[in-house]
Amino acid sequence: DFSKAMSQAGSSQFQEAIRQELEYSMKVELDKILATAPSNELEHTKKDLEGFKKLFHRFLQEKGPSVDWGKIQRPPEDSIQPYEKIKARGLPDNIASVLNKLVVVKLNGGLGTSMGCKGPKSLIGVRNENTFLDLTVQQIEHLNKSYNTDVPLVLMNSFNTDDDTKKILQKYSHSRVKIYTFNQSRYPRINKETLLPIAKDVSYSGENTECWYPPGHGDIYASFYNSGLLDNLIGEGKEYIFVSNIDNLGATVDLYILNHLMNPPNGKRCEFVMEVTNKTRADVKGGTLTQYENKLRLVEIAQVPKAHVDEFKSVSKFKIFNTNNLWIALSAIKRLQEKNTIDMEIIVNPKTLDGGLNVIQLETAVGAAIKSFENSLGINVPRSRFLPVKTTSDLLLVMSNLYSLNAGSLTMSEKREFPTVPLVKLGSSFTKVQDYLRRFESIPDMLELDHLTVSGDVTFGKNVSLKGTVIIIANHGDRIDIPAGALLENKIVSGNLRILDH
C-alpha cells in the first residue's frame, strides 16, 4: 500500500508539473497574441485573454464529469413552483412601476449557418417578413405603449453578429424601445493535440475567422459587467433582467413572474429564477434542475457520467428541463462579479475546422450559475413559453396557421383542438431556408396535423391541407409534387408524383 501511495503521489506531482508547463506555454502564446493588438483594442483584448486564461486554468484542474451522481437529489417541493400558483396571485395596480425596473436581454451571438443563412440568426425572416429581432422589438414596444413604461432591450452580440446587427438597428430608431448592445468575449480556439491557441495574432477576419469563438452564453455575466452597461442600468433604477435566446419565440415578458420577483409572497426576493417546463420525448437532452449539496443546480447532459446518461434522459425521473428563460437580479450579478464567485461548469466543445484540424472551445452556460445566487427558484411554465426555432421544421410550425401573431407575440390558434404542437421532420432537402421556401408555394393548413415526415425531393403547391399523420417519401431520383389544394389526411405518399400544367 505504501508503494501504491507513493506512486499515486508521484503521478499527481507529475500531472501537476504537466499542468504548470501547459499554463506557462499558454501564457507565452497569449502574450504574443496580445502584442499584436492595436492600441485602440489593447484594453479590450487584454480583458478577453485574461478571462480565457482563467477558464483554461479551470479546464486543466477539472477532469471527468463535473457532477458526483450520488449527490444528485430531486429538488424540494417548494423550490420549483407551478406557474398557475404564481399567476393566481394576480397583478397589482402599479404594474407599470414594476415594469420600469425590468430590462429585457436577448442572447444574439449566434449565426444562421445551421439553417444555411449567412449573418446573424436573429435577422432570418420568421413570419410575414418579420425577423426574430423585429418580433422582439414589437413585443417590447407594445408593452411600453400599453403601460406607458420604459423597458429597454439589450442585445448580447458576438464578434460574428455585431456589425450586421448594428446596421439593422437603425431601422428601429423611431420605435418606442431603447436598444443597447454589448459584445460577449472573443476567445481563441485551441489545438486539441497541443492545447495551444491556433491564432497567431488578434485579427479575426479573412483566414483568421476560424481562430476565434464566442464562449457560450455563460459569458454574459463578465461581458455585461465589463461593458459598463450593467452599472448604467443599475444607476437608472433597473433591478431585474429577463434573459432568453432570441430564437425562442415563446420567451415574452411575463407580468405574473415579474410581479412574483418584485413582490415576493414571503418578503424575500429571489436573485435568480429559471423557467422550466415539462419534458417530452423531444427534450431528453435538455438540462434539468436538481438539488445538489443543498443548492438548486442545473445539470447538463455533458456533465453526466456515461453510465447514467440513460437515467438522465428518463422522462419519469427528471420531468422538467431548462427553457433558458431566466430572471436575474442586477445587483446580485454585480456583487458576484466583483467577488469573482460565479461558478459555472466548463463545457468542452470539440470542432473540426474546414482544413480538418481538430480544435476545442471552452464554453459556459448562463443557467449553470444558478447555484451561485441566493434564494433561487424554478418556475414550471407552460410549454408555450418554449418555442425555439432551431431548424426549418420549427420554422414551418411558426409560419403556419397553428399560430396567430399579435404585437410581435405568437399564440397557439384557438382553432387547434389540442394544445400540443405537431411533430414535424423535414428531410435534408429542406435544411437551408432558401431551399425550404422554394419547396412551399404557400404554407399548408396544419391545424389538424399530428405528425409530418417529409423526405427527398418534395414540393408543395398552394393551399395544401395536412391532417392526422402524413408521411411523404420521394426515393432517390424520384420527385413528388403535392398538387395545389390537395388534402392529405393519414396518408403515406411515396414513389413519383408529378402534376404537369398543360
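The values are calculated or read from the model by the stated rules, or taken from the named source; none is laboratory data. Owing to the predicted nature of the structure, the values given are computational and were not obtained by experimental measurement. Because the Cβ atoms are built from the backbone with ideal geometry, glycine has one as well, and the counts that use them run over all protein chains shown. These accessible areas exclude ligands, DNA and RNA; they are computed on the full protein's heavy atoms, side chains included. Shrake-Rupley method; radii C 1.70, N 1.55, O 1.52, S 1.80 Å.
Each residue in the range 362-371 was checked for being part of a helix (DSSP H, G or I) and either farther than 30 Å from residue 197 by Cβ or open to solvent by 20 Å² or more (accessible area, probe 1.4 Å) (or both), and 2 of them qualify.
Taking the range 442-459 as the range and being closer than 18 Å to residue 128 by Cα and buried (at least 16 other Cβ atoms within 10 Å of the Cβ) as the test, the residues that pass are 443, 444, 445, 446.
Filter the range 225-244 down to residues that are part of a helix (DSSP H, G or I) and open to solvent by 20 Å² or more (accessible area, probe 1.4 Å), then give me how many there are. Of the residues in the range 225-244, 6 are part of a helix (DSSP H, G or I) and open to solvent by 20 Å² or more (accessible area, probe 1.4 Å). Just one of (1) under 17 Å from residue 279 (Cβ atoms); (2) surrounded by fewer than 21 Cβ atoms within 10 Å (Cβ to Cβ) fails for residue 381. It is (2). Could we say that residue 486 is in contact with a Phe, Trp or Tyr (Cβ under 9 Å, 6 or more places away or on another chain) and of a type in the set (Gly, Ala, Ser) here? Yes; evaluated as a whole, the condition is true for this residue. Each residue in the range 278-301 was checked for being in contact (Cβ under 8 Å) with a residue 60 or more places away in the chain and either closer than 22 Å to residue 344 by Cβ or in contact with a His (Cβ under 6 Å, 6 or more places away or on another chain) (or both), and 12 of them qualify. Taking the criterion of being of a type in the set (Ser, Thr, Tyr), closer than 17 Å to residue 368 by Cα and touching a Ser or Thr at 6+ places or on another chain (Cβ under 9 Å), would at least one residue in the range 287-296 satisfy it? Scanning the range 287-296, I find no residue that is of a type in the set (Ser, Thr, Tyr), closer than 17 Å to residue 368 by Cα and touching a Ser or Thr at 6+ places or on another chain (Cβ under 9 Å), so the answer is no. If you filter the range 52-96 down to residues that are open to solvent by 60 Å² or more (accessible area, probe 1.4 Å) and under 20 Å from residue 241 (Cα atoms), you find that the one that is modelled with the lowest pLDDT is 94. Among the residues of the range 135-188, which ones are β-branched (Val, Ile, Thr), under 18 Å from residue 98 (Cβ atoms) and out of contact with any helix residue (DSSP H, G or I) (no Cβ under 6 Å at 6 or more places or on another chain)? Selection gives 140 alone. Sub-9 Å Cβ pairs linking a first residue in the range 11-28 that is free of Cβ contacts under 8 Å to residues at least 40 places away in the same chain to a second residue that is open to solvent by 60 Å² or more (accessible area, probe 1.4 Å) and part of a helix (DSSP H, G or I), at least 6 apart or interchain, are 23/57, ordered by first then second residue. The set of residues in the range 132-148 that are over 14 Å from residue 172 (Cβ atoms) and open to solvent by less than 10 Å² (accessible area, probe 1.4 Å) is empty. Looking only at residues in the range 179-188 that are closer than 18 Å to residue 359 by Cβ and not in a loop (DSSP other than H, G, I, E, B), the one that is farthest from the chain's Cα centre (by Cα) is 188.
Under the condition of being assigned to a helix (DSSP H, G or I), over 22 Å from residue 333 (Cβ atoms) and open to solvent by less than 50 Å² (accessible area, probe 1.4 Å), the residues counted in the range 254-300 number 2.
When you look at residue 177, is it at pLDDT 95 or above, in contact with an Asp or Glu (Cβ under 6 Å, 6 or more places away or on another chain) and surrounded by 19 or more Cβ atoms within 10 Å (Cβ to Cβ), yes or no? Judged against the criteria, residue 177 is a match. Of all the listed residues (114, 146), the sole one being free of Cβ contacts under 8 Å to residues at least 40 places away in the same chain and small (Gly, Ala, Ser) is 146.
Evaluated against (1) touching a Gly at 6+ places or on another chain (Cβ under 7 Å); (2) closer than 16 Å to residue 126 by Cβ, residue 403 falls short on exactly one condition, (1). Across the range 189-215, the number of residues qualifying as open to solvent by less than 40 Å² (accessible area, probe 1.4 Å), touching a helix residue (DSSP H, G or I) at 6+ places or on another chain (Cβ under 8 Å) and in a loop (DSSP other than H, G, I, E, B) comes to 6. Applying the criterion of at least 3 residues that are under 29 Å from the mean Cα position of the chain (by Cα) to the strands (runs of 3 or more DSSP E) found wholly in the range 397-502 leaves 403-406, 409-412, 423-426, 445-455.
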